[in-house]
Structure formats: structure tokens, C-alpha cells
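Inspection log for the structure reproduced underneath, given as C-alpha cells.
The values are calculated or read from the model by the stated rules, or taken from the named source; none is laboratory data. These figures come from a predicted structure and were not determined experimentally. All Cβ positions, glycine included, derive from the backbone under ideal geometry; neighbour counts span all protein chains shown.
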């Protein structure tokens, strides 16, 4: 990412929001209006072929090929190329399922995918990527802590079961890269024995995670673990003395102009840093813009460039060696494509179809919000960037 150091920052999203409101959600006519508004500001004209690809994806979404999609945004070289909104009748859809009213019932329409009929959309595990940013800012301002800091001494106020030498060896980096070594099952979210579900149903999340036994040496094996992200959120509080939502308001949200958000609280008053954050799609795009510009926003370094680079580097080269696609993992960021240790694409990825995808080489940000939790759609919005958009960019490069 260092070669991108002199990248021109994306324009403040107050401008982008104007374009989004005028934007291209009703077809080519609106796209032309968007380009007219932008003509005095932007120098790059996207290819008609790329716009045709975006239109094609939009039509397929409308026809149901991608299931329940709520928002689809494409931003390239400071220009909003697409901002499509789709209206789903979640109140009617939810009637087929358990509608017990609590914040971790993913089929209750007051809680998911939108927060109480607002435009705040559940990010699910994209929350983890935001948590990582907030930890990076905490490290920037508290140099006595770093990724090699041992985890267990930070939780000295907790009585921890099975505190063997392997558990004592866990570092913050092991949590960040999902290599904690803790025994954890998060494969099937319909299975009540899933540790993430069990944690969410418990009264003390941090205690639940800390008391899990070890099943391997920390740092050796990738095992997706939302509990690790819960510990990271608490570590931010331990380091800064502030609960992470308040830290976020001061150090990230306010500087980026994010004034509206919701963040779930756990039963014991902590913050759900594994999946509980809700943002508007345009504010989620700001997070991508911040990282595209190496942690700088409006000429201010919000999080260090070194943290951005480390976060989106493939520390774990391949999370699933048995798969034919080599997907890496950084500091709570997915790396769908990488080469020679450098990320080609980095992404936040959340349950139901929450995707923040960034392609530095093409100055590109793609955002999807969706809610495909009960049915598997014909096509995956996760693959739109790699299978549809990037091939068009390469062809016309």
C-alpha cells in the first residue's frame, strides 16, 4: 500500500451524497444527470461498458437473482457510478419465521436488517473491520501496547478457566488474525451449538470466550472466531479507558462526518464488536475511502498508514487451503485476492450480504447491503466485483 501514499483523497462524502441522491437508481437517464453534476469536479469518465455491467447487475438484482439486496453502490476515482436502493417487505417476509422481539433475532424486522425502520443497516461482521480500525487508533495513541501484547494479562480482573501455557501465549495479533487457538465452532449459524450463537445468548460474552479451552497453539491455524473480536473490543476499552462506541464517536465517526449509527450492547453492558454495528451505506463507504487513502481523511491522519497496510495485508495467506480460491485474511479484514504479499482486493464481509470491497489499483469501492439469511440466492453479490466489474476494468484499462 505504500506506493499509494500520494493518492488523492476521495472527496468528502457530503459531495458524494448529493450525487447519490441525484444518482443512477432509476436508469441511464439519472446516470447522465449524475455525470452532468460531476462534470466540473471529476476528470475521469467511466467507460460505457462498465456502466452497462453495473446496469446489468442492477437488473439482475431487481429480477431476484441476488436474493434480498437493499443497497448497491459503486464509487470509482471520486465519482459515484451507482447508488441503487431496493425496497424489501421484511415485515411480511419475517412472518414465516420466529418473530420473538430481541436484538439477536435476525428475523425480527425491528432489528434486522434495518434498525427500527431507519436507514441504518446491520453490518454484521463488517463490524469486525471497524473494530480493528479503532484498535489501530488506540495503538497509535498508546505506544506501550501493540499486536505482540499478550492478551490474558489484560483480563486480570476475570477468573479464567483452563488458563494453561497455550492460553497465556495468545497475543492481540492472534485474535486479529483469527488464530487464537481457542476451541470454537462457528460453521453453521442454524446450529444452536454454534459458539457465536451460544455467546450471543449468554449473559457474559467476554467470560464465555475467555473460558473456552484451547485446541491448538495460538498463531498456527485460522479458525473464524467472533469471540476473538469481542475480546478485541474490550481490549480497546482497557487500553483507552473508553467504551468502544464512545471511542469510535471521538476518533473515527466524528472526523468522518458519521453522525448517525447504532451499536448493539451485550447483556452486561459491553459493546457487540463482532457484529452489532449499524451504519448507512454511504457512511460505510467512507470507511473504505479512509483505507483507500491510507488512513487520511480531509488531510488528517485518522489511523496510521502502517496500521492500514498491516490490516489489509494477507497475514494468513489462505483461510481454506481446500478451496480453489486463495483467500487471505489480515487484521479483521478479508483479502479476496493477493499476490506476493500485497492485497489486490480487501474487504469487510458480513452475514446476510454486507460487503465493503476496495480495489486500490482501480480506485474502486463497492458496497452491498443485503439480507440473505434464510435462502441461498442464484447469484452471490460477493462475486460481483471479481466476476463482473474487475474484468471490465481490465479489458478497458
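Count, please, the residues in segment 148-168 that happen to be free of Cβ contacts under 8 Å to residues at least 40 places away in the same chain and in contact with a strand residue (DSSP E or B) (Cβ under 8 Å, 6 or more places away or on another chain). Within segment 148-168, residues that are free of Cβ contacts under 8 Å to residues at least 40 places away in the same chain and in contact with a strand residue (DSSP E or B) (Cβ under 8 Å, 6 or more places away or on another chain) number 4.
Go through segment 361-379 and report how many residues are in a loop (DSSP other than H, G, I, E, B) and surrounded by fewer than 18 Cβ atoms within 10 Å (Cβ to Cβ).
First pass over segment 361-379, keeping only residues in a loop (DSSP other than H, G, I, E, B): 363, 371-379.
Within this subset, residues satisfying the condition of being surrounded by fewer than 18 Cβ atoms within 10 Å (Cβ to Cβ) are 372, 374-379.
The qualifying residues number 7.
For residue 239, the conditions (1) in a helix (DSSP H, G or I); (2) closer than 30 Å to residue 327 by Cα; (3) touching a helix residue (DSSP H, G or I) at 6+ places or on another chain (Cβ under 8 Å) all hold with the exception of (2).
For segment 387-397, the tally of residues that are surrounded by fewer than 18 Cβ atoms within 10 Å (Cβ to Cβ) and either touching a strand residue (DSSP E or B) at 6+ places or on another chain (Cβ under 6 Å) or modelled with pLDDT of 95 or more (or both) stands at 2. On the basis of being modelled with pLDDT of 95 or more and farther than 17 Å from residue 132 by Cβ, does residue 234 make the cut? Taking the combined requirement at face value, the residue does not satisfy it.
Taken together, the residues in segment 145-164 that are farther than 12 Å from residue 206 by Cα, touching a helix residue (DSSP H, G or I) at 6+ places or on another chain (Cβ under 9 Å) and assigned to a loop (DSSP other than H, G, I, E, B) amount to 8. Of the residues making up segment 75-110, those that are assigned to a loop (DSSP other than H, G, I, E, B), in contact with a strand residue (DSSP E or B) (Cβ under 8 Å, 6 or more places away or on another chain) and farther than 23 Å from residue 364 by Cα number 1.
Scanning segment 167-177 for residues that are crowded, with 18+ Cβ neighbours inside 10 Å and either out of contact with any helix residue (DSSP H, G or I) (no Cβ under 8 Å at 6 or more places or on another chain) or assigned to a helix (DSSP H, G or I) (or both) turns up 167, 171, 172, 173, 174, 175, 176, 177. For segment 41-70, a residue qualifies if it is at pLDDT 95 or above, farther than 19 Å from residue 386 by Cβ and touching a helix residue (DSSP H, G or I) at 6+ places or on another chain (Cβ under 9 Å), and the qualifying residues are 68, 70.
Given the condition modelled with pLDDT of 95 or more, surrounded by fewer than 21 Cβ atoms within 10 Å (Cβ to Cβ) and closer than 30 Å to residue 301 by Cα, answer yes or no: does some residue in segment 121-133 qualify? Talk me through it step by step, then tell me what you get.
So in segment 121-133, the residues modelled with pLDDT of 95 or more come out as 121-133.
When the remaining residues are screened for being surrounded by fewer than 21 Cβ atoms within 10 Å (Cβ to Cβ), the result is none.
No - not one qualifying residue is present in segment 121-133.
Where helices (runs of 4 or more DSSP H) fall entirely within segment 244-360, those with at least 2 residues that are farther than 19 Å from residue 115 by Cβ, under 18 Å from the mean Cα position of the chain (by Cα) and touching a residue at least 12 places away in the same chain (Cβ under 8 Å) are at 281-292, 305-311.
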